[in-house]
Amino acid sequence: MECPRCHEVQEEGPEECRACGVIFSRYRPGRPPAAVDLEADEAPVPWQIQLRDRMFRVEPSENRAAVVGRGVFLGILGLVTVGILTTPMRGPYLMDSFIHWIDLPFHEAGHVVFSPLGTFMHILGGTLGQLLVPFIALAAFLREENPFGAAVGGWWLGQSFVDCSPYIADAQARVLLLTTGETGQVDWESHDWYQLLSRTGLLSHDIFIARMAWVLGALLMAASLAWAAHVVRRQWGR
């Protein structure tokens, strides 16, 4: 027989190995340390931990001037947020802001991008385009492990939801001036949310839907500012 521990070949009969002294009946082979280490290295990291690491990753050495610049930008973003959230939802006021004119090209491009998917998606595509671009920016910065940039992308996504709210709230009244130069009362075919809510039977709920969009946007903006502030504080500490 062969000893299971030292592999010494010996005669049948003895209960212990003549070479290493191990008692055959009590021997339990252990797992090689190398195998344990290999399995530990290959174990997949849960996605929650990967996401957390990307959201709060801080380089060991941060450029102080860059961190100060981010802090100043964050302060300006906070003031802009206060201005946006204290502006009445109904009326043209939110849609007169300079950020609205940044959102508008992506809104119009969305109509073109989603038009091959049918009439309904062509109409909805404007709002989808306006929301997808900041979401893609957020995801891209996370992928590049730039948490501050991702937080700004999250803020932009929230602002886009808030920017959509007066347009949604105008579905029944249709008094806002459209890009065609006419109000929705005259050019009702070009009013996205009149068309969308009419087709889905939700026209009477336009104010409620607009408020939900505004609340969601406000929460995203506030959460993104808190995220960015936490990242800047950690970067400054490094």
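Points to keep in mind about this one:
- Residue check, Met89 over 15 Å from Gly217 (Cβ atoms) and aliphatic (A, V, I, L, M): no
- Residues that are in contact with a Gly (Cβ under 6 Å, 6 or more places away or on another chain) and modelled with pLDDT under 95 do occur in segment 153-174, at least one of them.
- When residues of segment 86-108 are limited to those that are in contact with a Gly (Cβ under 9 Å, 6 or more places away or on another chain) and crowded, with 16+ Cβ neighbours inside 10 Å, the one modelled with the lowest pLDDT: Ser97
- With respect to being in contact with a Ser or Thr (Cβ under 8 Å, 6 or more places away or on another chain), assigned by TED's automatic domain parsing to the domain that holds Leu79 and not polar (S, T, N, Q), Trp227 falls outside the description.
- Test: residue in segment 63-84 that is in contact (Cβ under 8 Å) with a residue 40 or more places away in the chain and within 24 Å of Ala169 (Cα to Cα): yes
- Number of the condition not met by Gly129 [criteria: (1) closer than 30 Å to Leu178 by Cβ; (2) surrounded by fewer than 18 Cβ atoms within 10 Å (Cβ to Cβ)]: (2)
- Test: residue in segment 146-160 that is surrounded by fewer than 16 Cβ atoms within 10 Å (Cβ to Cβ) and under 26 Å from the mean Cα position of the chain (by Cα): no
- Residue count for segment 109-120, restricted to those that are surrounded by 13 or more Cβ atoms within 10 Å (Cβ to Cβ) and either without any contact (Cβ under 8 Å) to a residue 24 or more places away in the chain or touching a Cys at 6+ places or on another chain (Cβ under 6 Å) (or both): 6
- Residue in segment 104-120 that is assigned to a helix (DSSP H, G or I) and touching a Phe, Trp or Tyr at 6+ places or on another chain (Cβ under 7 Å) present: no
- Number of the exception - Ser190 against (1) farther than 17 Å from Thr127 by Cα; (2) surrounded by fewer than 19 Cβ atoms within 10 Å (Cβ to Cβ); (3) not aliphatic (A, V, I, L, M): (1)
- Tallying residues that are in a loop (DSSP other than H, G, I, E, B) and touching a residue at least 24 places away in the same chain (Cβ under 8 Å) within segment 143-183 yields 6.
- Answer from Ala140, Ala223, Ala210 - the residue that is assigned to a helix (DSSP H, G or I), of a type outside the set (S, T, N, Q) and surrounded by 15 or more Cβ atoms within 10 Å (Cβ to Cβ): Ala210
The values are calculated or read from the model by the stated rules, or taken from the named source; none is laboratory data. Quick caveat: nothing in here was measured; it's all calculated off a predicted structure. Reconstructed Cβ throughout: ideal geometry from the backbone, glycine too, with neighbour counts over all protein chains shown.
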